[in-house]
Amino acid sequence: MEHVVIIGNGISGVTAARHIRKLSDKKITIVSAETDHFFSRTALMYIYMGHMTYEHTKPYEDWFWEKNRIELKSGFVNQIDTSSKTLHFEKGDLLKYDQLILAAGSKPNKFGWPGQDLNGVQGLYSKQDLDNLEVYAPDNKSCKRAVIVGGGLIGIELAEMLHSRHIPVTFLVRETSFWNGVLPEGESEMVNREITRNGIDLRLASNLKEIISDENGNVKSVILEETEEEIPCNVVGLTAGVSPNINFIKDSGIAINRGVLVNRFLETNIPDIYAIGDCAEQHEAIGNRRPIEAVWYTGRMMGEVVAQTICDNRLEYKPGHWFNSAKFFDIEYQTYGWVHGKKEQPDHEVHFHWKHPDDTKCITIAFHKESRQFLGINNFGIRMRHEFFDRVLSENRSIEYVLAHLADANFDPEFYKLHEKTIIQKFNNDHNTTIQLKKKSWKRIFQTS
Amino acid sequence: MKQIQYIGLGLFLTGLAIFISLIFLGRYELSQDVFDEVVTNKGIKSELFINDINTNLVGNEFTDPFSFSSKVTTALESANTTHKENSEWDKVIWTKPHSFSYELAKSSGNGIIKDNKMLFWILTFGLGILGALFFIIPQVVTLGRPGIKNNGIYHHASTSRGWIGWFVFIFLVSFYVLLYFYPDFIVNWTYIVDPFSMALSGNLASQWFLYGFLYSTVMTVMAVRMYIKYRHNKYQILRTTSVLFFQIVFAFLIPEILVRFEKPWYDFKNAFPLDYDFFFSWNLNQLIESGGFGLFILVWGIVLTVVVVPVMVYFFGKRWYCSWVCGCGGLAETLGDPYRQLSDKSLKAWQLERWLVHGVLVFALVMTGFTLYSYFSGADAVLGIKTQTIQDIYGFLIGAIFAGVIGTGFYPIFGNRVWCRFGCPLAAYLGFVQRFKSRFRITTNGGQCISCGNCSTYCEQGIDVRAYAQKGENIIRSSCVGCGICAAVCPRGVLKLENGPENGRINPTEILLGNDVDLMDLLNQK
């Protein structure tokens, strides 16, 4: 019986294991040094905030693994011997594999800041990071202030977490407006205001210069690059992105760049070794996507695909239309297709922006200047239907079509106020058009392909 | 804000303490006149019992309800034992000892509480309501901006099965035990709501009036909490208003006012088989004796169960009843909301749930079959089993223990819908319709689920919502009561309660939206 070993029990590795089990009778082992069982990394913040316990974050009950004959091995892989197909563990034990899937995920970026390894300096990625936070920031008595460095999605989540325990937060963002490398101006500014409304000390265009230690090796304060200001704090969150967790792969002969290099079949340069999820890097980017996509759902999709390949149905990884979601304090965000921030916005991409007067809802729709083709939408504070936008993107629909059918796309709970009419009104005013909103149609919404 | 909340907590606990202490207070002295009247009204023929009470109770003063009760119940039980041994069946007193004792106690009590009903109402209910509102209303500020704020729920002893949770559990269970089995111990509680009962129905308050009054009060106060917590969510606000309306108007006011007009007490929204004694002969007789109005109730009760329920479930799912109308659901969604996360989501719980809830439904139907057979044939037993015995077993096990003591008492330990999930026969019936013939489903939003598990954690019915959402599969589970909290707590906007076309409602998918179409085709072909 062939033995498939998967390094990493995150969403990528576990999805791969589950699908291999669905498709075959192979022996499957998942190796992890983080936790015994698979948990949902995306829910770590809710444990700290007290919405859930660690147990709630496990999508499968503990008996699931034995019942599905998926062996779980706890241990840290030191070295991969690709010639003898053997894994060498830190504690000296060995494990033979026939096929190996690398799904080791990421680790938080550190840019060589002085003091970045002090006690109380940490990222937020692993279960251990959460445990650490519980040690250094259990409440606002032990942690008088926290400083977060890096203006991305993890940074704002960490800010929300600390805020939920009434710990004052200073949030250092390198950009002139939050996440404006990704978000168009109006949206980025709305998020700035949402951060400030929640009492976070948001410092835009600010960089970290140095983290100062106290006499016990704990964080005492940070110093800002621009102003030399010293901010006393007990915790520093480093959330300036993540990079592939591939240190243990370096001497194995497996080709790496920033991540483990894979082709479209998720194969590495060594036969029978595959890489998926955050640690995998495409030789060439797929469409507008980045070569390394540290996105939760792409990890899941790679797991689905690699399982097919391993079970003798060699398949190419072909992610469909880009989509994603996040939450900025109380404002939910979804995106379908591509809406670029100012920096990367191509010439042909035109934006239509609508904002609700209450400053918690807005949308931006991107479309092609000449062809009027719909390119993507960002929605804040309004939920939209994934199927709808996946379909209009595949069918290359126009901006006019999308706006006229916006009622079909709404995914807000029942009885919520609808904004389609005012959105279309604004578009008609801005662009001298006469688009009419079509009534919501179940027939269109649930059309079967 | 914190100070106001602490003051509120103090007021509430004071009110609660006075309320509890009322059990141990008061004086009871049975007068000869009252006793004679009861004997005549009830047609008591047992001279043993009459003599016993006359010697031991009449004219003596008791300073707590327990010794009073014990005299009555001992007298009643010993008299009955003798009569049964001698086969003097006409002398046996069939009224339950503690109910008999309640009747005597209600008219024997005197002293400070009975003389100052409104004062003690203010000191108990009044302080409780005021304190609770002082505690709740500052949450407008302390919870922060509108939005889902479940912060700290698992850090707090009251909402994570901590010591406060266990204390509340003991209190609630004790309350239900007293209410159902020892009404004579809580006579003082009924005194303080007498003025309200007199105003509504013209009668003194029974323990059931007390319960109805307390129920409506608790729901109203906790509805304020719901309005604040979910003030960003129109679905929750409308739903809370709806259950509150149906509780106060349909379950509380209308039945009491009916009594004032000498009509049968009836809750027009309470559908069989949740209203399990609807077809009991005493009820049928009472309805038929009440003329045209009674007949209307009889027809309405049947139409509600046979026509309205399935038709409404077809269009809106069982939520129209469980989350918008039902009294049990109403308490669960208001008083029970802080405990919703404690429901068990394991596969084992689900397996148990299906056996239990459907078992209760079968039990209710068999019992009703027996009852109707007895009613029309006049026989008091079917297949050698006494109809009365079945009714008693059901009334005790399901009506009192399951629906009351466990159903509400276990909120702080097992979550707020224990009864609805494991015991309610009407929920089982509605669930069948919802599962197989309904337009309702919870739609999941393509590939947006990040499996965080908020939905499952906050599902009061213990449904592993995440298991469906992460597969992009619509949720059509029969147990879903459509409370809409899964959609409210989802940080990615993945879930939406919808009444759509039946076609395509069941959509088993193996590969989620987002992956390339070829792969989906491949798996769909299999």
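The values are calculated or read from the model by the stated rules, or taken from the named source; none is laboratory data. None of the values given here were measured: they were computed from a predicted structure. Because the Cβ atoms are built from the backbone with ideal geometry, glycine has one as well, and the counts that use them run over all protein chains shown. For the accessible areas, the whole protein counts, side chains as well, though only heavy atoms, and no ligand, DNA or RNA atoms are used. Shrake-Rupley method; radii C 1.70, N 1.55, O 1.52, S 1.80 Å.
Quick look at the numbers
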| quantity | calculated |
| --- | --- |
| Of all residues in region A:392-406 being surrounded by fewer than 20 Cβ atoms within 10 Å (Cβ to Cβ) and within 14 Å of chain B (Cβ to nearest Cβ), the one that is farthest from the chain's Cα centre (by Cα) | A:E395 |
| Cβ-Cβ under 8 Å pairs, at least 6 apart or on other chains, region A:16-42 side under 10 Å from A:C311 (Cβ atoms) and open to solvent by less than 20 Å² (accessible area, probe 1.4 Å), far side modelled with pLDDT under 95 and in a helix (DSSP H, G or I) | A:H19/A:E304; A:H19/A:Q308 |
| Residue within region A:158-181 that is within 29 Å of A:T268 (Cβ to Cβ) and more than 17 Å from the chain's Cα centre (by Cα) present | no |
| Count of region B:375-394 residues which are open to solvent by 20 Å² or more (accessible area, probe 1.4 Å) and part of a helix (DSSP H, G or I) | 9 |
| Some residue of region B:278-286 being among the aliphatic types (A, V, I, L, M) and within 14 Å of another protein chain (Cβ to nearest Cβ) | no |
| Residue match in region A:77-87 (condition: open to solvent by less than 20 Å² (accessible area, probe 1.4 Å), farther than 26 Å from A:G259 by Cα and touching a helix residue (DSSP H, G or I) at 6+ places or on another chain (Cβ under 8 Å)) | no |
| Hey, A:F248 away from chain B (no Cβ under 14 Å), open to solvent by less than 40 Å² (accessible area, probe 1.4 Å) and in contact with a helix residue (DSSP H, G or I) (Cβ under 6 Å, 6 or more places away or on another chain) or not | no |
| Meets criteria (out of contact with any Gly (no Cβ under 6 Å at 6 or more places or on another chain) and over 24 Å from B:V465 (Cα atoms)) for B:G415 | no |
| Close pairs (6 angstrom Cβ cut-off, 6 or more residues apart or separate chains): within 14 Å of chain B (Cβ to nearest Cβ) in region A:415-444, surrounded by 15 or more Cβ atoms within 10 Å (Cβ to Cβ) anywhere | A:F415/B:K234; A:F415/B:Y235; A:Y416/B:K234; A:K440/A:A407; A:K440/A:D408; A:W442/B:G500; A:R444/A:D408 |
| Residues (in a helix (DSSP H, G or I) and open to solvent by 10 Å² or more (accessible area, probe 1.4 Å)) located in region B:217-234 | B:T217, B:V218, B:T220, B:V221, B:M222, B:V224, B:R225, B:Y227, B:I228, B:K229, B:K234 |
| Complete set of residues in region B:255-268 that are in a helix (DSSP H, G or I) and open to solvent by 50 Å² or more (accessible area, probe 1.4 Å) | B:I257, B:R260 |
| The listed residue being in contact with a helix residue (DSSP H, G or I) (Cβ under 9 Å, 6 or more places away or on another chain), outside any loop (DSSP other than H, G, I, E, B), open to solvent by 40 Å² or more (accessible area, probe 1.4 Å) and within 26 Å of B:S174 (Cβ to Cβ), out of B:L22, B:L11, B:L48 | B:L11 |
| Answer residue from region A:194-245, given it is without any contact (Cβ under 8 Å) to a residue 60 or more places away in the chain, within 14 Å of another protein chain (Cβ to nearest Cβ) and in a loop (DSSP other than H, G, I, E, B) and is nearest to the chain's Cα centre (by Cα) among those | A:I200 |
| When residues of region A:254-282 are limited to those that are in contact with a Leu (Cβ under 6 Å, 6 or more places away or on another chain) and assigned to a loop (DSSP other than H, G, I, E, B), the one most open to solvent (accessible area, probe 1.4 Å) | A:A255 |
| Selection status of B:A271, buried (at least 21 other Cβ atoms within 10 Å of the Cβ), farther than 30 Å from B:G147 by Cβ and in contact with an Asp or Glu (Cβ under 9 Å, 6 or more places away or on another chain) | no |
| Scan of region B:136-184 for residues that are outside any helix (DSSP H, G or I), hydroxyl-bearing (S, T, Y) and either open to solvent by less than 50 Å² (accessible area, probe 1.4 Å) or within 14 Å of another protein chain (Cβ to nearest Cβ) (or both), ordered by number | B:S158, B:T159, B:S160 |
| Residue that is nearest to A:G123 (Cα to Cα) [pool: residues in region A:208-240 that are open to solvent by less than 40 Å² (accessible area, probe 1.4 Å) and among the small types (G, A, S)] | A:G237 |
| Counted residues, region B:434-448 - those being at the interface with another protein chain (Cβ under 9 Å from one of its Cβ atoms) and either touching a residue at least 60 places away in the same chain (Cβ under 8 Å) or within 28 Å of the chain's Cα centre (by Cα) (or both) | 2 |
| Flag if A:E316 is open to solvent by 40 Å² or more (accessible area, probe 1.4 Å), assigned to a loop (DSSP other than H, G, I, E, B), within 10 Å of another protein chain (Cβ to nearest Cβ) and not small (G, A, S) | yes |
| Region A:43-56: number of residues that are open to solvent by less than 10 Å² (accessible area, probe 1.4 Å) and within 26 Å of A:E90 (Cβ to Cβ) | 1 |
| Test: A:I382 is buried (at least 20 other Cβ atoms within 10 Å of the Cβ) and either more than 14 Å from chain B (Cβ to nearest Cβ) or in contact (Cβ under 8 Å) with a residue 60 or more places away in the chain (or both) | no |
| Region B:493-504, subset surrounded by 24 or more Cβ atoms within 10 Å (Cβ to Cβ) and part of a loop (DSSP other than H, G, I, E, B), residue farthest from the other protein chains (Cβ to nearest Cβ) | B:V494 |
| Residue in region A:96-115 that is at pLDDT 95 or above, among the hydrophobic types (A, V, I, L, M, F, W, C) and open to solvent by 50 Å² or more (accessible area, probe 1.4 Å) present | no |
| Test for A:D359: is it part of a loop (DSSP other than H, G, I, E, B), in contact (Cβ under 8 Å) with a residue 12 or more places away in the chain, within 27 Å of A:K327 (Cβ to Cβ) and open to solvent by less than 60 Å² (accessible area, probe 1.4 Å) | yes |
| Residue selected from region A:367-379 under the condition crowded, with 21+ Cβ neighbours inside 10 Å and more than 22 Å from the chain's Cα centre (by Cα), by the criterion farthest from A:H321 (Cα to Cα) | A:F367 |
